[in-house]
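Contents: one structure, followed by commentary.
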Amino acid sequence: MDIHTKLMRRYKEAPEWWFWAILMVNIAASIIACEYYKSQLQLPWWGVLLACGIAFVFTLPIGIITAITNQTPGLNIITEYIIGYIYPGYPVANMCFKVYGYISMTQAITFLQDLKLGHYMKIPPRTMFMAQIVGTLIAGVVYLGTAWWLMETIPGHLRDHSIKQRLDLPRRQSPSTTPPSSGA
């Protein structure tokens, strides 16, 4: 047993059910958001579960690779391919799937790195857990407030009906929505 682990034994561990409770609440909130805002987010409930499953399965092997090499392989392209194949024609759903499948796994790896640093610095596990929760809540409020502020204060945003009328052109198909017409 290393010296860090020996010294950390005097602190109480953060109960495992705390982590599971936060995971379940967040998955439920994600499913509710995707179902409530179905026309905007375009991702069905099964997409959230599939993305969370992918993140759950790949967190351990990618965490091991990151711990050994300090290089984190990305799942971003893989998650985009998976949902693009299963649920084609929904670009916002693709991005939501990427957030739930790739970004959540990346955040889990970062959380593990923070816990490891806290272990080496002899910070009690319960204190580390609460600091992570408070930091996440503060960041979420700041990000959401900034996005709302930007959407309300930047002139010429697409929510402005006069601009929307000027941009109401006949819809054209783009190369990203149509298959190649040539035989190549």
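The values are calculated or read from the model by the stated rules, or taken from the named source; none is laboratory data. This structure is a prediction, so every number in the text was calculated from the model and none was measured. Methodologically, a virtual Cβ is constructed for each residue, glycine included, from the backbone with ideal geometry; neighbour enumeration extends over all protein chains shown. Accessible surface areas use protein heavy atoms only, side chains included; no ligands, DNA or RNA. Shrake-Rupley method; radii C 1.70, N 1.55, O 1.52, S 1.80 Å.
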Legend entry - Residue match in the range 55-72 (condition: under 14 Å from the mean Cα position of the chain (by Cα) and in a loop (DSSP other than H, G, I, E, B)): no
Inset, instruction - Search the range 69-95 for residues that are open to solvent by less than 90 Å² (accessible area, probe 1.4 Å) and pair each with any residue that is not in a helix (DSSP H, G or I) when their beta-carbon atoms are under 6 Å apart and the residues are at least 6 apart or on different chains. - result: V92/Q42; A93/Q42; A93/L43; A93/Y87
Inset, instruction - Return the residue satisfying two criteria in turn: it lies in the range 34-60 and is among the small types (G, A, S) and within 21 Å of G89 (Cβ to Cβ), and of such residues it is surrounded by the fewest Cβ atoms within 10 Å (Cβ to Cβ). - result: S39
Legend entry - Leading residue by the ranking (least open to solvent (accessible area, probe 1.4 Å)) among those in the range 105-140 that are over 13 Å from E13 (Cβ atoms), polar (S, T, N, Q) and more than 14 Å from the chain's Cα centre (by Cα): Q132
